[in-house]
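Asker: My questions will all concern the structure given below.
The values are calculated or read from the model by the stated rules, or taken from the named source; none is laboratory data. Everything quoted here is computed from the prediction, not taken from an experiment. Backbone-built Cβ (ideal geometry, glycine too); neighbour counts: all protein chains shown.
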Amino acid sequence: MTVPLENLDADVRKSDPDRWLAARFASAPRRSELAALYTFNHELARAPETATNPLMGEIRLAWWREGVEALFEDGAARHDALEVLRGPMREGRLSRERLEAMIEARHAELNPIPFADEADLVSHIDATAGALMAAAARLLGASDEMEPVRPAGRAWGWAGLLRAQAWWSAKGRRWTPAAWGEPEPEEIAAHVRHRVADSLAESRTALAALPVAAFPAVAYATLSRAYAGGRELTELGKQARLVKASLTGKL
């Protein structure tokens with residue numbers, strides 16, 4: 001099966017521009033794998049976003065789970081992204097367990113109030129944003145351990161939830177934990193800024209264990225401070241931050 005790699009790359013550039021931009025700092029042979037992984041993640045995220053009811057979301061996620069199972073049984077790929085990921089899977093650079101856990105994590109987002117407390121929410125961030133970073137880093141030569149990328153994943157995950165606040169509200173759902181009660185938007189924003197700052201500070205030590213070649217897997221988290229502060233960045237502004245992060249190895 002010949003996969004139109006340029007199509008995957010173009011799709012990621014449109015649907016996930018920050019990760020796409022960070023992937024430009026990866027070696028050319030690995031960019032198509034990152035594009036496939038990010039496409040896979042985007043499709044998982046869309047399952048709860050586009051489902052008209054929880055059952056439809058469950059069906060969409062089950063379709064992807066079956067697609068991953070088929071790859072490991074040498075079956076036909078259900079999606080171009082899965083076909084591209086077949087190679088890394090066979091080479092041991094992408095585990096079935098990681099992909100299946102990423103699928104499973106999205107089930108929580110089908111619930112109106114999915115998180116009981118902050119610990120529950122942070123676990124979800126680790127299982128989504130953090131797991132994706134770990135998988136991307138593994139494609140780029142890192143170990144399969146979560147610890148080096150966990151703080152960066154949390155910074156990105158917290159900032160992403162804040163940016164998606166309007167979407168959650170429009171869907172009649174909320175990402176804020178039930179234990180928080182009914183906080184004001186300003187309180188939520190301040191809390192997120194604090195969590196992002198803490199996570200970025202922790203990442204300085206954690207990322208020391210990450211190979212230089214794998215840094216593009218986490219580089220886009222350098223944008224999370226601006227996003228948590230309510231700022232949107234120009235393309236040039238993003239590029240400047242990514243270049244600085246890549247040169248220093250710090251977010």
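Asker: Limited to the stretch 157-194, what total is found for residues that are farther than 17 Å from Ile113 by Cβ and in contact with a Lys or Arg (Cβ under 6 Å, 6 or more places away or on another chain)?
Answerer: Qualifying residue count, the stretch 157-194: 1.
Asker: Same structure, new question: Hey, can you tell me all the residues within the stretch 151-169 that are of a type outside the set (A, V, I, L, M, F, W, C) and either in contact (Cβ under 8 Å) with a residue 60 or more places away in the chain or not in a helix (DSSP H, G or I) (or both)?
Answerer: Residues satisfying the conditions are Gly153, Gly160, Arg163.
Asker: Kindly indicate whether any position in the stretch 178-188 is within 27 Å of Ala206 (Cβ to Cβ), buried (at least 19 other Cβ atoms within 10 Å of the Cβ) and of a type outside the set (Gly, Ala, Ser).
Answerer: Within the stretch 178-188, not a single residue is within 27 Å of Ala206 (Cβ to Cβ), buried (at least 19 other Cβ atoms within 10 Å of the Cβ) and of a type outside the set (Gly, Ala, Ser).
Asker: Let me ask something else about it. Where residues in the stretch 83-97 are in contact (Cβ under 8 Å) with a residue 40 or more places away in the chain and crowded, with 17+ Cβ neighbours inside 10 Å, which of them is farthest from Asp144 (Cα to Cα)?
Answerer: Filtering first and then ranking leaves Glu83.
Asker: Determine, yes or no, whether Trp156 is under 20 Å from Leu110 (Cα atoms) and modelled with pLDDT of 95 or more.
Answerer: Considered against the rule, which asks whether it is under 20 Å from Leu110 (Cα atoms) and modelled with pLDDT of 95 or more, Trp156 comes out as no.
Asker: For the stretch 117-124, check the following and say yes or no: at least one residue is surrounded by fewer than 13 Cβ atoms within 10 Å (Cβ to Cβ) and not in a helix (DSSP H, G or I).
Answerer: Within the stretch 117-124, one or more residues are surrounded by fewer than 13 Cβ atoms within 10 Å (Cβ to Cβ) and not in a helix (DSSP H, G or I).
Asker: Do you know which of the residues in the stretch 69-82 that are crowded, with 19+ Cβ neighbours inside 10 Å and either modelled with pLDDT of 90 or more or in contact with an Asp or Glu (Cβ under 6 Å, 6 or more places away or on another chain) (or both) is farthest from Gly141 (Cα to Cα)?
Answerer: Applying the filter and picking the extreme gives Asp80.
Asker: Next question, about the same structure. From the residues in the stretch 140-154 that are over 11 Å from the mean Cα position of the chain (by Cα) and buried (at least 21 other Cβ atoms within 10 Å of the Cβ), which one is nearest to Leu200 (Cα to Cα)?
Answerer: Per the criteria, the residue is Pro151.
Asker: Taking the stretch 217-227 as the search range and keeping residues that are assigned to a helix (DSSP H, G or I) and not hydroxyl-bearing (Ser, Thr, Tyr), which one is surrounded by the fewest Cβ atoms within 10 Å (Cβ to Cβ)?
Answerer: Ala226
Asker: While we're looking at this one, here's another question. Spot the failing condition for Gly230; the list is (1) surrounded by 13 or more Cβ atoms within 10 Å (Cβ to Cβ); (2) in contact (Cβ under 8 Å) with a residue 12 or more places away in the chain; (3) not in a helix (DSSP H, G or I), and only one is missed.
Answerer: (1)
Asker: Can I ask one more? In the stretch 18-58, how many are β-branched (Val, Ile, Thr) and farther than 25 Å from Gly160 by Cα?
Answerer: Result for the stretch 18-58: 0.
Asker: Listed residues Asp18, Asp74; which is on the phi < 0 side of the Ramachandran plot and of a type in the set (Asp, Glu)?
Answerer: Answer to the selection: Asp18.
Asker: In addition: Of all residues in the stretch 1-60, count the ones that are of a type outside the set (Val, Ile, Thr), surrounded by fewer than 13 Cβ atoms within 10 Å (Cβ to Cβ), part of a helix (DSSP H, G or I) and without any contact (Cβ under 8 Å) to a residue 24 or more places away in the chain.
Answerer: 5
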